[in-house]
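Have a look at the structure below before the remarks.
The values are calculated or read from the model by the stated rules, or taken from the named source; none is laboratory data. Just so you know, these numbers come straight off a predicted model, no measurement behind them. Methodologically, a virtual Cβ is constructed for each residue, glycine included, from the backbone with ideal geometry; neighbour enumeration extends over all protein chains shown. For the accessible areas, the whole protein counts, side chains as well, though only heavy atoms, and no ligand, DNA or RNA atoms are used. Shrake-Rupley method; radii C 1.70, N 1.55, O 1.52, S 1.80 Å.
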Amino acid sequence: QVPFVESGGGLVQPGGSLRLSCVASGSIFSTYVMGWYRQAPGKQRELVATTTSSDFTNVAHSVKGRFTISRDNAKNTVYLQMNSLKPEDTAVYYCNARSGLTTYWGQGTQVTVSS
């Protein structure tokens, strides 16, 4: 059973914004590195951004300056704020939790950027 729930995907026009949410169980959220990955049709899954329990963040170069990852410890939730969206951001976005050799993946949420 996947220990978290993703939401927030949808259809947006180029230049628009979306915010993805991933609610995790307390034990996962407090000890795992939480992150977002994406996979576009015909492409490999790629890292978008990660955040640690100590708030260290890492953001992929392709989205730096447009996407922001953040976490709300009281709600066990990690967010991905996506601004200035481009058609090439279209993909299924997956929440990820990682600790050592243990990795969990969410079911994915579709983001489509199109006019």
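Report the residue count in segment 93-115 for those that are open to solvent by less than 40 Å² (accessible area, probe 1.4 Å) and either in contact with a helix residue (DSSP H, G or I) (Cβ under 8 Å, 6 or more places away or on another chain) or in a strand (DSSP E or B) (or both).
8
Any residue in segment 7-21 that's among the β-branched types (Val, Ile, Thr): show its pairings with residues that are modelled with pLDDT of 95 or more and surrounded by 14 or more Cβ atoms within 10 Å (Cβ to Cβ) at Cβ separation under 6 Å, as long as the two are six or more apart or on different chains.
Between residues of segment 7-21 that are among the β-branched types (Val, Ile, Thr) and residues that are modelled with pLDDT of 95 or more and surrounded by 14 or more Cβ atoms within 10 Å (Cβ to Cβ), the close pairs are 12/18; 12/85; 12/113.
Mind checking which residues of segment 82-92 are of a type in the set (S, T, N, Q) and surrounded by 15 or more Cβ atoms within 10 Å (Cβ to Cβ)?
Correct list: 90 only.
Report those strands (runs of 3 or more DSSP E) wholly inside segment 1-75 carrying at least 3 residues which are in contact with a strand residue (DSSP E or B) (Cβ under 8 Å, 6 or more places away or on another chain) and not hydrophobic (A, V, I, L, M, F, W, C).
Fully inside segment 1-75 and qualifying: 33-39, 46-51, 67-72.
Of the conditions (1) part of a strand (DSSP E or B); (2) out of contact with any helix residue (DSSP H, G or I) (no Cβ under 6 Å at 6 or more places or on another chain), residue 84 clears all except one; give me its number.
Checking residue 84 against (1) part of a strand (DSSP E or B); (2) out of contact with any helix residue (DSSP H, G or I) (no Cβ under 6 Å at 6 or more places or on another chain), the one that fails is (1).
So, residue 74, is that one open to solvent by 80 Å² or more (accessible area, probe 1.4 Å) and aliphatic (A, V, I, L, M) or not?
yes
Name, by its number, the condition in (1) under 12 Å from the mean Cα position of the chain (by Cα); (2) surrounded by fewer than 18 Cβ atoms within 10 Å (Cβ to Cβ); (3) free of Cβ contacts under 8 Å to residues at least 60 places away in the same chain that does not hold for residue 65.
(1)
Just to be sure before I move on: is residue 16 more than 21 Å from residue 60 (Cα to Cα) and at pLDDT 95 or above in the structure I sent?
For residue 16, the condition - more than 21 Å from residue 60 (Cα to Cα) and at pLDDT 95 or above - is not met.
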